[in-house]
1. Tell me which residues, restricted to segment 177-218, are part of a helix (DSSP H, G or I) and either at pLDDT 85 or above or under 14 Å from residue 165 (Cβ atoms) (or both).
2. Being buried (at least 16 other Cβ atoms within 10 Å of the Cβ) and in contact with a strand residue (DSSP E or B) (Cβ under 7 Å, 6 or more places away or on another chain) is the filter here, so list the residues in segment 177-186 that pass it.
3. Output the residues belonging to segment 245-264 that are free of Cβ contacts under 8 Å to residues at least 12 places away in the same chain and assigned to a strand (DSSP E or B).
4. What number of residues within segment 62-104 are closer than 30 Å to residue 220 by Cα and either in a strand (DSSP E or B) or at pLDDT 90 or above (or both)?
5. Could you list all residues from segment 142-163 that are touching a residue at least 40 places away in the same chain (Cβ under 8 Å) and surrounded by fewer than 20 Cβ atoms within 10 Å (Cβ to Cβ)?
6. Restricting to segment 155-176, and then to whatever is touching a strand residue (DSSP E or B) at 6+ places or on another chain (Cβ under 6 Å) and part of a loop (DSSP other than H, G, I, E, B), can you tell me which residue is nearest to residue 213 (Cα to Cα)?
7. Could we say that residue 143 is within 30 Å of residue 242 (Cβ to Cβ), part of a loop (DSSP other than H, G, I, E, B) and in contact with a strand residue (DSSP E or B) (Cβ under 6 Å, 6 or more places away or on another chain) here?
8. Filter segment 208-241 for residues that are surrounded by fewer than 17 Cβ atoms within 10 Å (Cβ to Cβ) and either over 23 Å from residue 257 (Cα atoms) or over 20 Å from the mean Cα position of the chain (by Cα) (or both) and give the result.
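The values are calculated or read from the model by the stated rules, or taken from the named source; none is laboratory data. These figures come from a predicted structure and were not determined experimentally. In this analysis, Cβ positions are derived from the backbone assuming ideal geometry, glycine residues included, and neighbour counts consider all displayed protein chains.
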């Protein structure tokens, strides 16, 4: 019995030693990169990393040139020996190329931005993290395309091409916040949204009445909240983040926390 256990342990350690797992990370925030392409010069096999930024490159053992590439990042070329020396961990550097491939708010379904006749801009989570806005109204002003009327520091009424309130439509996950019966003066209801709980924001300039109704004559501002993320393994996966901030200019105090619980088929997110 002891010999059998010893043999099983030996075989497990042997196979584990044969598997060489590479991990690809973003150099700026050290986040794992999914769907990174890994190609060797001697094989026609193309490997891709999983949601944890990992891939088994055992079959590339001894290769002189291994390319690690992904759209939006500079390509890295290294030998298998060089990868081994740095512990099979690679950091990719983002380059200046940015691709805004899809928009949602313009036609209510995924569509290439080149096929949308209206002007549509997107505010990404990276923009939000960089600007760190106090309110959702400040989040809209990050784009530089939306004028925000603020009668005081805690307010914010977006205006697009002279239209405001009942001539602009706000949607949250496709559900409208306001209607045409709202008064014509500036209102501050957009600040009721938590800027840290918004995953992406898209602004559609120009009339959107054909799709959204008469109150969208000036434009549409579409907010997408945090999306639940499934677990990449069979085990429970819990992730989250927290933020605290104090501003002396207007004595702002902000505390935010959100967490995600993911299984293989079910996921839950709250903030």
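1. Filtering segment 177-218 down to residues part of a helix (DSSP H, G or I) leaves 189-192, 195-197, 209-212, 214-216.
Result: 189, 190, 191, 192, 195, 196, 197, 214, 215, 216.
2. 178, 186
3. In the first step, residues of segment 245-264 are kept if they are free of Cβ contacts under 8 Å to residues at least 12 places away in the same chain; the result is 246, 248, 251, 253.
Result: 246, 253.
4. Qualifying residue count, segment 62-104: 2.
5. 143, 145, 153, 154, 161, 162, 163
6. Among them, the one singled out is 168.
7. Values: within 30 Å of residue 242 (Cβ to Cβ): yes; part of a loop (DSSP other than H, G, I, E, B): yes; in contact with a strand residue (DSSP E or B) (Cβ under 6 Å, 6 or more places away or on another chain): yes.
Here the answer is yes, as residue 143 does meet what is asked.
8. Within segment 208-241, 209, 210, 211, 213, 214, 233, 234, 235, 236 meet the criteria.
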